[in-house]
Amino acid sequence: MSKPRGLLVVWTNIPQDLDLDFNEWYNREHMPERILGLDGFLRGRRFVAYEGGPRYLALYDTRGIEIFHTEPYLALKRDYDPLSRRFVPNFRDTLKCAAEITARAGVAEGGFVALTPIARAPGKEDTLRAWIKSTLLPEIAAKPSVVSAWYAERNDGAVAMAKQDHLRTTDRILDGMLIVEAQSNEALDAVAPLYAWDRLRAQGGAPDAPAARLRNVYTIHLPPAAADD
């Protein structure tokens, strides 16, 4: 079995007077610095909520959870540049997680995303994961206009490293999350009954934060290695 990919989640609001500058900084500096500059970071995506919130969601995919323990990543967090010191303390209502993607169906990226934070009942983590992997995700991914669905679970060691030396101390840590990616909001409507709370609760899942729907507004991938001449 292949090693799970790592995932860093930052979901936040920002004061309106900083909104334009915040987005320029995130798109031109903050996210590219990680995806293009840190070994093991593979993809960064940003989303804007159109139902629920917080407003801005950032997802960072990594080769594995161990990336959050590496010195280059930790050094970035110890030595904040001036713009980071301007924006990072002004994040509001922030939900965060350092996680492993433990189940997935499909690999494509959708323009419309439904995010459902899930709290795992103690002792039911394996049961919930197994049901999501074998039953729920295949059901969701088989529906028209759904391009992928996946499930991620908090990794306590990586969460501790992500919190180390941070400029904010009030972030709330999510336990787990289900993400469905689709071509339209209508497609998300059609599959929502499949992960209704009565089904999730029966397997050991409960609400961890309000669910939201978001649009993908920015994606950056690690470029493929240059081909030999």
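Read-outs: derived from the displayed coordinates by stated rules, not from any lab. Here the structure is a predicted model, which is why all the values come from computation and not from measurement. Heads up, the Cβs are rebuilt from the backbone with ideal geometry, glycines too, and the neighbour counts pull from every protein chain shown.
Taking a straight Cα-Cα cut-off under 14 Å and skipping sequence neighbours fewer than 8 places away in the same chain, the aspartates and glutamates within cross-link reach of Lys143 are Glu181, Glu186, Asp189. Could you tell me how far the Cα centroid of region 107-128 sits from the Cα centroid of region 34-103, in Å? Spelled out, the Cα-based centre of one part sits 18 Å from the other. Straight-distance candidates among the lysines for linking to Lys77, with alpha-carbon spacing under 21 Å and chain neighbours fewer than 8 residues away dropped: Lys96, Lys163. Shape call for region 127-229 from the C-alpha gyration tensor, a ≥ b ≥ c root eigenvalues: rounded (a/c under 1.5), prolate (a/b greater than b/c) or oblate? Here region 127-229 falls in the oblate category. Relative contact order of the chain: 30 percent, from C-alpha pairs under 8 Å at least 6 residues apart in sequence. Which whole-number percent of Cα pairs in the chain have a distance greater than 29 Å? Cα-Cα pairs of the chain separated by over 29 Å account for 25 percent.
Cβ-Cβ distance of Lys3 and Arg215, R₀ of 22 Å, FRET efficiency by 1/(1 + (r/R0)^6): the value works out to about 0.10. With a/c under 1.5 counting as rounded, go ahead and sort region 1-56 into rounded, prolate or oblate using the C-alpha gyration tensor (a ≥ b ≥ c being the square roots of the eigenvalues; past the cut-off, prolate if a/b is larger than b/c, else oblate). In terms of gyration-tensor shape, oblate.
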